[in-house]
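The values are calculated or read from the model by the stated rules, or taken from the named source; none is laboratory data. Computed from a prediction, not measured in an experiment: that's the story for all the values here. Don't worry about glycine lacking a Cβ; one is built from the backbone with ideal geometry, like all the others, and counts go over all protein chains shown.
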Amino acid sequence: MQKIIILGSTGSVGRSSLKIINQNKESFDVLGLAAFSNEKLISEQSNKFKNAKTYLESPKNKNYSDKQISKEALYELISSPEVDTVIAAISGSDGLELTYHSIISGKKVLVANKEPLVMAGEFLIDLAKKSNSRIIPIDSEHCSIHQSINNRDIQSVSKITLTCSGGPFYSLPKSKFKNISLRDALKHPIWKMGKKISIDSSTLMNKALEIIEAKYLFEIDQKKIDAIIHPEGIVHSLVTLTDGTVLASMAKPDMKIPILYGLGFPQTMNNKTNRIDIQKLSKLTFEKINKNKFPSIDYAYFAINHGQGMPIVLNAANEIAVQSFMDSEILFEDIFKVISKTINYAVKNNLKLKSVSLDSILNFNHEIKEIASKNLYSFIK
């Protein structure tokens, strides 16, 4: 029986994971649940999964459960030989530290949050090799790529293409971006997700971060990574081989499918529902991304090529910009300005990651967030 900890159990990925586990009780047991502040839901989850201890980063009630543990105890639980798998699904940069501890503990780590690999990709991949940890992506795009190139020599891959729906505003004229409300930005045309990732999808920053993640996760040159609009959301990635073959990974847009893949890996679990009926697919369309409207993709390539911690700068600036938009402090179109100006500030002032360690990465991330926050209103002028 596979023993599991879920980091981000109250989010969409965490809830979907628990549904799958509950349907396969003979194969899985949950030993730990961690989240930010949702006391009610995590208590309900721990009552259902009797062996699960709980951790909340910011509970309102300090004694919300008799199964709660400290952060230090959570680290100990992660490193325990009793635990086999950690599902890392904490949104944003907050998930880096726990993902790091899961990797150095040699666990199978199912990564749903892209930010840790964006911020510390090469560092985490090297640690995984040393600790014999297996990192399995369970976001739809990278999971599909993993399936296509698993056990294949990466030199036989000439191109990786990530697909995206284009979000809710792909057909909207750029001149109308200033009128976009938070409510509008949260209406993703295909996926039901949390607020942060929904906003990232509406700016295509989600795809930009995925490009960086793919570079480090699959250890492939960024020149071989591309992204394309695919409104139907059926093809999740395309892998082009050196012989000209294109492997298109297709599935319904349902997070439970990549989670099933990760939980079962290296075996394949049975999914009795949500299968594609090929005969009912009327069309599959693809089109080039309009980078003038959505400069996020160019930011990603600049960050990779510049190096010296620039992906951390990109991610930190985006987190501040998105939160500011959600707090009604800036307009939707200002998100791009904050990111661009923060990157320019870092380059002009020669700000860079001084050394490669967890503390250095976290400190640099904090430094950039403070800069973006302090200069927020001057950056959007």
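Looking at 160, 90, 78, can you tell me which residue is outside the structural domain of residue 8 (by TED's automatic domain parsing) and hydrophobic (A, V, I, L, M, F, W, C)?
Numbers: 90 fails: outside the structural domain of residue 8 (by TED's automatic domain parsing); 78 fails: outside the structural domain of residue 8 (by TED's automatic domain parsing).
Going through 160, 90, 78 in turn, just one is outside the structural domain of residue 8 (by TED's automatic domain parsing) and hydrophobic (A, V, I, L, M, F, W, C): 160.
If you go through the stretch 357-368 one residue at a time, do you hit one that is of a type in the set (Ser, Thr, Tyr) and either at positive phi or not assigned by TED's automatic domain parsing to the domain that holds residue 194 (or both)?
Checking the stretch 357-368: at least one residue is of a type in the set (Ser, Thr, Tyr) and either at positive phi or not assigned by TED's automatic domain parsing to the domain that holds residue 194 (or both).
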#### Entry: Residues (in contact with a Leu (Cβ under 7 Å, 6 or more places away or on another chain) and within 22 Å of residue 211 (Cβ to Cβ)) located in the stretch 248-282
248, 262
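Given the condition over 17 Å from residue 212 (Cα atoms), surrounded by fewer than 21 Cβ atoms within 10 Å (Cβ to Cβ) and not acidic (Asp, Glu), answer yes or no: does some residue in the stretch 293-312 qualify? Explain how you work it out, then say what you get.
Pass one, the stretch 293-312, residues over 17 Å from residue 212 (Cα atoms): 293.
Subset that is surrounded by fewer than 21 Cβ atoms within 10 Å (Cβ to Cβ): 293.
Restricting the remaining residues to those that are not acidic (Asp, Glu) gives 293.
Yes, the stretch 293-312 contains at least one residue that is over 17 Å from residue 212 (Cα atoms), surrounded by fewer than 21 Cβ atoms within 10 Å (Cβ to Cβ) and not acidic (Asp, Glu).
For every residue, the table says whether it meets (1) free of Cβ contacts under 8 Å to residues at least 40 places away in the same chain; (2) closer than 25 Å to residue 228 by Cα; (3) assigned to a loop (DSSP other than H, G, I, E, B).
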| position | (1), (2), (3) |
| --- | --- |
| 284 | no, yes, yes |
| 291 | yes, yes, yes |
| 300 | no, yes, no |
| 319 | no, yes, no |
| 325 | no, no, no |
| 329 | no, no, yes |
| 343 | no, yes, no |
| 354 | yes, no, yes |
| 360 | yes, no, no |
### Message
Could you check the stretch 135-150 and list, in sequence order, the residues that are part of a loop (DSSP other than H, G, I, E, B) and over 15 Å from the mean Cα position of the chain (by Cα)?
### Response
150
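What do you reckon, is residue 37 closer than 20 Å to residue 96 by Cβ, outside the structural domain of residue 192 (by TED's automatic domain parsing), in contact (Cβ under 8 Å) with a residue 40 or more places away in the chain and of a type in the set (S, T, N, Q)?
Values: closer than 20 Å to residue 96 by Cβ: yes; outside the structural domain of residue 192 (by TED's automatic domain parsing): yes; in contact (Cβ under 8 Å) with a residue 40 or more places away in the chain: no; of a type in the set (S, T, N, Q): yes.
Here the answer is no, as residue 37 does not meet what is asked.
Residues are listed down the side, and each one gets a yes or a no for (1) touching a Leu at 6+ places or on another chain (Cβ under 8 Å); (2) β-branched (Val, Ile, Thr); (3) more than 21 Å from residue 315 (Cα to Cα); (4) not assigned by TED's automatic domain parsing to the domain that holds residue 232:
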| position | (1), (2), (3), (4) |
| --- | --- |
| 166 | yes, no, no, no |
| 178 | yes, no, yes, no |
| 181 | no, no, yes, no |
| 195 | yes, no, no, no |
| 199 | yes, yes, no, no |
### Task
Give the residue that is modelled with the lowest pLDDT, with candidates limited to residues of the stretch 56-91 that are under 21 Å from the mean Cα position of the chain (by Cα) and over 20 Å from residue 108 (Cβ atoms).
91
### Summary
Checked the stretch 274-290 for anything of a type in the set (Lys, Arg) and either in contact with a strand residue (DSSP E or B) (Cβ under 6 Å, 6 or more places away or on another chain) or at pLDDT 95 or above (or both); matches are 288
### Message
Against the condition of a type in the set (A, V, I, L, M), closer than 22 Å to residue 273 by Cβ and touching a helix residue (DSSP H, G or I) at 6+ places or on another chain (Cβ under 6 Å), how does residue 89 come out, does it pass?
### Response
yes
### Summary
Filtering helices (runs of 4 or more DSSP H) wholly in the stretch 13-108 for at least 1 residues that are more than 24 Å from residue 120 (Cα to Cα) gives 39-48, 71-79
